[in-house]
Amino acid sequence: MSRLLILVFSVFILTKFDICTASFFDIQYPDVFFTAEQGGNVTIRAGPNGGDIIMIPQGNGTVFIGQTDMLKLFQIVNSLPPVWSEKSPHGTLGTFLGGKSVSLSVSAQDPENGKVTYEKVSGALPPGIHLDKNTGAITGRIPDVDATYEFGIRVTDSHGKYADQIFSIDTRERDQCLSTPCLHGGTCSDDIDDFVCACAKPYGGKTCNINCGSMPVGIDLNNKKIPDAQMSCHYCYGDSAGIDGRLHAPQGWVGQNTNSWLQVDLGKEMELHAVANQGYTSSSYYILTYTIKYSVDGNQFYDVKNGTTVMDFSGSSNVNSVVKHTFLTPFRARFVKFIPKTFHSKPGMRVELYGCDV
Ligand SMILES: [Ca+2]
Ligand SMILES: [Ca+2]
């Protein structure tokens with residue numbers, strides 16, 4: 001009891017009376033300060049026979065020296081780096097076929113059971129494959145190529161301790177021709193994530209599914225795909241215009257003579273397989289024979305020929321009937337000119353072409 005009184009008295013004395021200019025023991029409730037005189041040291045010395053100095057923070061408290069959290073520093077110093085889980089000897093995550101969606105993972109454990117994060121630090125993951133930094137999940141769609149992708153992943157714990165590991169993924173190109181996608185005798189070539197069909201005539205389209213000989217390009221007024229601005233004519237008769245040259249148009253295009261022509265701009269290069277023709281609707285203007293020139297660029301035109309002979313195509317003398325011809329050899333063109341050769345009274349005609357996109 002008397003020792004307690006002495007302590008209380010000492011505290012009272014020390015808190016009320018400064019020694020020189022600064023308190024060396026100061027209570028500012030709830031804080032307690034030890035402060036040495038200017039230039040002095042604070043020394044805490046344990047007993048001479050193996051006594052300990054013990055600092056005991058409470059709750060979430062810690063021990064600071066200056067700004068440094070000593071308990072945290074000890075944790076960092078003592079923390080062990082994460083340990084990778086056992087994988088195959090060379091870190092191979094597997095061999096996968098192009099186009100396959102994969103869900104793989106790498107994992108490591110922190111000996112202190114703390115949270116770890118994953119990061120690619122070298123090499124390359126396959127294009128389209130991603131690493132989740134929080135879970136180590138490796139997901140995505142395998143690229144359609146034959147390749148080996150090697151990459152380093154660093155796993156890091158919350159103390160910055162890390163461990164690197166090399167992994168690899170082998171990819172194999174898928175043969176997109178295995179499903180025999182090319183129809184009607186078309187020949188398939190494998191490609192990256194794709195296939196290409198070389199179609200047997202008269203078929204076309206991605207899988208040779210279209211009979212190009214019966215696929216109208218859309219000059220026909222009843223199936224209009226070619227805009228009016230892409231229909232033109234030269235030496236037109238009266239007020240006849242290019243747009244009158246559409247198959248099933250109300251009247252029909254009429255030219256003046258064999259110097260006249262009707263031209264269609266398809267708007268893009270197409271492979272053309274056949275042509276159809278009607279005469280003028282309300283009179284005796286119709287074509288007996290005509291020739292066709294074609295061009296890719298609108299400048300250099302070529303004749304449609306049979307061997308070395310320019311082909312004559314017969315017209316339709318019946319107002320309503322459609323006369324169709326299949327080209328001996330399909331050709332590629334964007335611009336097509338219909339040129340009257342022989343005709344009745346005036347060269348009148350309405351046309352359609354048949355073909356596929358290229
Ligand atoms: Ca650790
Ligand atoms: Ca392929």
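The values are calculated or read from the model by the stated rules, or taken from the named source; none is laboratory data. This one's a predicted model, so the numbers in the text were calculated from it and none came from an experiment. Here Cβ is always computed from backbone atoms with ideal geometry, including for glycine, and neighbour counts include all displayed protein chains. Quick note on the areas: whole protein, heavy atoms, side chains included, nothing else; ligands and nucleic acids left out. Shrake-Rupley method; radii C 1.70, N 1.55, O 1.52, S 1.80 Å.
Just so you know, in the stretch 96-126 the residues that are open to solvent by 80 Å² or more (accessible area, probe 1.4 Å) and either within 16 Å of ligand 2 (Cβ to nearest atom) or within 24 Å of the chain's Cα centre (by Cα) (or both) include one that is nearest to Asn78 (Cα to Cα), and it is Glu119. All of Leu80, Leu71 fail the test of being open to solvent by 80 Å² or more (accessible area, probe 1.4 Å), under 30 Å from Ala108 (Cα atoms), among the aliphatic types (A, V, I, L, M) and not in a strand (DSSP E or B), apart from Leu80.
Is it the case, given these coordinates, that Leu80 is touching a Pro at 6+ places or on another chain (Cβ under 9 Å), of a type outside the set (Gly, Ala, Ser) and within 16 Å of ligand 1 (Cβ to nearest atom)? Against the criterion (touching a Pro at 6+ places or on another chain (Cβ under 9 Å), of a type outside the set (Gly, Ala, Ser) and within 16 Å of ligand 1 (Cβ to nearest atom)), Leu80 qualifies.
In the stretch 179-254, counting only strands (runs of 3 or more DSSP E) that sit wholly within it, the ones holding 1 or more residues that are more than 21 Å from Val358 (Cβ to Cβ) and either modelled with pLDDT of 95 or more or open to solvent by less than 40 Å² (accessible area, probe 1.4 Å) (or both) span 231-234. Considering Ile243, Ile169, the condition of being away from ligand 2 (no atom under 16 Å from the Cβ), under 21 Å from Asp144 (Cα atoms) and either assigned by TED's automatic domain parsing to the domain that holds Ile129 or out of contact with any His (no Cβ under 8 Å at 6 or more places or on another chain) (or both) is satisfied by Ile169 alone. Only one entry in Val77, Val42, Val63, Val102 is within 30 Å of Gln176 (Cβ to Cβ) and among the β-branched types (Val, Ile, Thr), namely Val102. Checked against the criterion of being in contact with a strand residue (DSSP E or B) (Cβ under 9 Å, 6 or more places away or on another chain) and free of Cβ contacts under 8 Å to residues at least 40 places away in the same chain, the candidates Gly245, Gly298 yield just one match: Gly298.
Of the residues Ser260, Ser345, Ser321, only one is within 17 Å of Leu221 (Cβ to Cβ) and either in the same structural domain as Asp220 (by TED's automatic domain parsing) or in contact (Cβ under 8 Å) with a residue 60 or more places away in the chain (or both); which? When all the criteria are applied, what remains is Ser321.
The residues of the stretch 159-178 that are within 16 Å of ligand 1 (Cβ to nearest atom) and in a loop (DSSP other than H, G, I, E, B), listed by number, are His159, Gly160, Lys161.
Among the residues in the stretch 60-67, are any of a type outside the set (Asp, Glu), at pLDDT below 90 and under 30 Å from Asn113 (Cβ atoms)? Yes, the stretch 60-67 has at least one match.
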